[in-house]
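Taking it in order: structure first as structure tokens, then the write-up.
What follows draws every value from the coordinates through simple rules; no lab data is involved. Just so it is clear, the model here is predicted, and its values are computed rather than measured. Here Cβ is always computed from backbone atoms with ideal geometry, including for glycine, and neighbour counts include all displayed protein chains.
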Amino acid sequence: MIDPEAGRAERADQVPAGDGGSVVRAREFVGGIVAVEPAMGDSLLLTMSAPEQMVRQLRAGRFFEVLCRDDASYDPLLRRPFSVFRSDPTASTLTFLVRPYGRGSAWLAERPVGTRLDVLGPLGNTYEIPPRARNLLLVAGGVGAAPLVMLADEAVRRGLSVTFAMGAAGAAGLLEPSLLPSEVEYVVATEDGSKGHRGYVTEVLADYVRWADQIFACGPEPMYRSLRAAIQPLRVGGKPPVQISIERAMACGVGACLACVVETRHGTQASCVDGPVYDLDEVIW
Ligand SMILES: Cc1cc2nc3c(=O)[nH]c(=O)nc-3n(C[C@H](O)[C@H](O)[C@H](O)COP(=O)(O)OP(=O)(O)OC[C@H]3O[C@@H](n4cnc5c(N)ncnc54)[C@H](O)[C@@H]3O)c2cc1C
Ligand code: FES
């Protein structure tokens, strides 16, 4: 369903003009849902209006805290974090990939076009493409595909070669190839063998690890452990480096509650502020 007329973002004046760099300060704003589309399995793509200048400066890896309840309700009280799947500065919209998981995300996945959403963001840091990198390997598990699609868009715009490897339990849990830029090589693995390699996505990476200048990943934490085990024998001197996005349960999203801490070689960090993107070798599991 697409409704281009549904709501322009309110309180856009609260969004700063930008600092001239890559990171935009977080602000609360209200935007209208303009499209809801099926994506994979029971997950949906939800597109909402957002302040144009903010959308223009968004970078892959950043996320938004969405208030997932009706105006008359306080349940759930806390916002829920969602990565940006795609942004469109021309339409002044951002898109989330939403998997109905618990009560907040299920509420969000049921919202029709026209619903006004109260959103805080953009939050967190970003994936960084090293200036000299030419070949990028992106490794996605489930809805972890979201920030990597945004990164693939960014990389293709810069003329880089991208291989996007995705794993899921079955074919229904994989992104449709049409949701990726056509320039991207798409490699898939399913645990039940219904599409691509039968097994885990970490089992198909050997050739690509040698080819890649930089690896980016987003998925459940067990995927990161098997990713590290799979690629470690193939890396030389820690290369290619690996950036991962850690999705810990979050409460405040602004570094105040410490619900989301991650142990790193530089000490304990709040992943909502210092992350969610980390160097794989920096994280202590
Ligand atoms: C930075 C970040 C980006 C995210 N991006 C996306 C995205 O693009 N798309 C998407 O569908 N989801 C994303 N998530 C996950 C999403 O935020 C959670 O699924 C959601 O907050 C769960 O809230 P709920 O109310 O639906 O479930 P609840 O009813 O609150 O929780 C159900 C159960 O899940 C546990 N739980 C809640 N959050 C998490 C978590 N992050 N990890 C492990 N267990 C958890 C709770 O402790 C509880 O036991 C992201 C999370 C983070 C931290
Ligand atoms: S979610 Fe509160 S400090 Fe990170």
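Compute the angle between helix 145-157 and the longest alpha-carbon principal axis of the chain, please, reported from 0 to 90 degrees and rounded to the nearest 10. Roughly 80 degrees, rounded to the nearest 10. P(r) for the chain, from all Cα pairs and a bin width of 10 Å, is 7, 29, 37, 22, 5, 0 %, short bins first.
Over all projection directions, the Cα-based convex hull of segment 135-245 averages an area of 6.2 nm². Scattering from the C-alpha atoms of segment 12-123 alone, worked out with Debye: what is log10 I(q)/I(0) at q = 0.14, 0.23 1/Å? Ignoring solvent entirely, the Cα scatterers give -0.52, -1.37. Projecting the Cα atoms of Ser49, Met223, Val254 onto the charge dipole of the chain (Cβ charges, centred on the Cα centre) puts Met223 farthest toward the positive pole.
Here the label points at Glu221 and Arg56, each 7 Å from Cα along the C-beta direction, are separated by 4.0 nm in the simple model. Relative to the current alpha-carbon distance between His197 and Lys239, full extension at 0.36 nm per residue lengthens the span by 12.6 nm.
Backbone N atoms of segment 224-251 closer than 20 Å to the 7 Å Cα→Cβ label point of His266 belong to residues 238-239, 241-248.
Computed on the chain, with alpha-carbon pairs under 8 angstrom and 6+ residues apart, the relative contact order is 16 percent.
Other residues with beta-carbon under 12 Å from the beta-carbon of Leu234 carry, at +1 per Lys or Arg and -1 per Asp or Glu, a net charge of +3. This model, with +1 at the C-beta of Lys and Arg and -1 at the C-beta of Asp and Glu, gives the chain a dipole about its Cα centre of some 540 debye.
Amide hydrogen proximity for Thr264: with H placed 1.01 Å from N in the peptide plane, the residues at 5 or more positions away or on another chain lying under 5 Å are Gln269, Ile284.
Computed per residue of the chain from DSSP H runs no shorter than four, each worth -39500 (n - 2.57), the mean residue ellipticity at 222 nm is -4000 deg cm²/dmol.
Tilt of helix 221-231 relative to the longest C-alpha principal axis of the chain, in degrees (0 to 90, nearest 10)? Tilt of helix 221-231: around 30 degrees.
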